[in-house]
1. Quick one: in the stretch 177-325, what % of C-alpha pairs are over 18 Å apart?
2. 5 Å is the cut-off here: which amide hydrogens, built 1.01 Å from N in the peptide plane, fall below it relative to Leu211, excluding neighbours closer than 5 in sequence?
3. When the helix-only estimate is applied to the chain (DSSP H runs of n ≥ 4, each -39,500 (n - 2.57), divided by the residue count), what is the mean residue ellipticity at 222 nm, nearest 500 deg cm²/dmol?
4. Would you mind checking which residues have amide H under 5 Å from Ile129's amide H? H placed 1.01 Å from N; only 5 or more apart, or other chain.
5. Apply the Karplus parameterisation 6.51 cos²θ - 1.76 cosθ + 1.60, with θ equal to phi minus 60°, to every residue of the stretch 299-305 and state each ³J(HN,Hα) to the nearest whole Hz, in sequence, with x for glycine and proline.
6. Quote to one decimal, in nm, the extra length available between Phe76 and Arg144 on full extension: 0.36 nm per residue of separation minus the C-alpha distance between them.
7. Quickly rank 322-332, 248-258, 110-120 as a protection proxy: mean count of other C-beta atoms within 10 Å, highest first.
8. Quick check on the stretch 80-229: of the DSSP beta bridges with both residues there, what percent are antiparallel, nearest 5%?
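Laboratory data are not the source of any read-out in this text; all were calculated from the coordinates shown. Worth saying up front: this structure is predicted, and the values here are computed from it rather than measured. Cβ: placed from backbone, ideal geometry, glycine included. Neighbour counts: every protein chain shown.
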Amino acid sequence: MRARFSSLQGDFVFLDAPGGSQVPDEVGAAIARTLRDASANIGANYETSKRVEHVLATARADAGRFLNCSPDDVIFGTNMTVLDFTLSRTASRDWKEGDRILVSRLDHDGGVAPWIELAADRGFEVDWIDVTPDLRLDLDDLERKLDERVRVVACVASSNAVGTIVDLPRVSELAHAVGALSARVTSPEDAVEEACAAVRRALHERRTVLLNLPLQVQALDVPDGALDLAAPPAARAAVEPTAADTAALAEVLERARRPVFVAGRGARTPGGRDAVAELAQHYGALLATSAVARGLFHGNPWSLDVSGGFSSPLAAELIQGADLIVGWGCALNMWTMRHGSLIGADTTVVQVDDEASALGTHRDVQLGVTGDVELTAQRVLDGTGGGGRR
Ligand SMILES: Cc1ncc(COP(=O)(O)O)c(C=O)c1O
């Protein structure tokens, strides 16, 4: 091994902790070979351009294998810090002033400075995740600091200074599990409407809403008459699916040999859960959930638990093997579908959502049904006549 490093042939002692600064000679040779044989713009029709594209594709495939990720997730650049500056600027294009960024005290400055610079330029807030006395990332501190305004948790996988390894799956789980919305009462005049709006969101979006009532506002009086406007929000009428859509859904279910149902936020009502589970039972479908709906089918013998990055290997295999995936009130986003890799090449994808605009936002769907989860599952069940379970 040593013989492959020209830099180690002398008596100089390298104590650089990350260990990445010295490279074996073949790295230098490969760079030189690439510059010699394949130096051109990419995307053109001529031979050298094709060669560069081949070098890039091979390098990304190799790096993807090494890092256990998709080649699409691999980006080469000048160095880590410059890439992080580019990433932070690109990721934040549609963020709003007041959005938050969490950086970690375990990190190298290359993982922190780009986010601090970005926050200063764009009016974002930065908060630090602390370390424990034994210099691990403090996950309790992370949990306390996470809220729905956090757009990114920037943290290193392993500290280059002290060598502690971060439980990244757990960090990612905590970050993505934050489904709570936070709302604030800003003044006595607006208190009633703001509180009603919070209740409407909780009811209609089926989300947890944290309503903050600042002490200084608590101390003030609500204007006369304002409380008369306080009324419980009208329940939103459940969206009835069209007969044509439920018939189309019944037809794909009839044809499916290995269906998997993935339930999301929109299925998180007792009625929604039961109707989806009953339909799954009728058609022999396995049951999974997105992260926010995790636990919905707890105790059901056909439950695969969560779909996505935290699926068990067996659950991932079974989802990948499905010939039909139905998302019930579930966006089928990149986390739930592992960037689409949980969907087989020939799998039919169906989405049921009471917001028509949610259909097909993250995945191409062969059938999109606009309808309330419980009503839609119930209508399909009604059409089956109840018998013929499989
Ligand atoms: C953990 C960690 N992050 C970031 C960097 C910065 O990398 P670069 O010099 O490629 O910007 C280093 C460099 O040692 C590092 O060890």
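1. 67
2. Ala183
3. Taking each H run of at least 4 residues, the total per residue is -11500 deg cm²/dmol.
4. Amide H neighbours of Ile129: Val103, Ser104, Arg105.
5. x, 6, x, 9, 7, 9, 6
6. Taking Phe76 through Arg144 to full extension adds about 21.1 nm, to one decimal.
7. Ranking the peptides 322-332, 248-258, 110-120 by packing returns 322-332, 110-120, 248-258.
8. Roughly 15 percent of the beta bridges in the stretch 80-229 run antiparallel, per DSSP.
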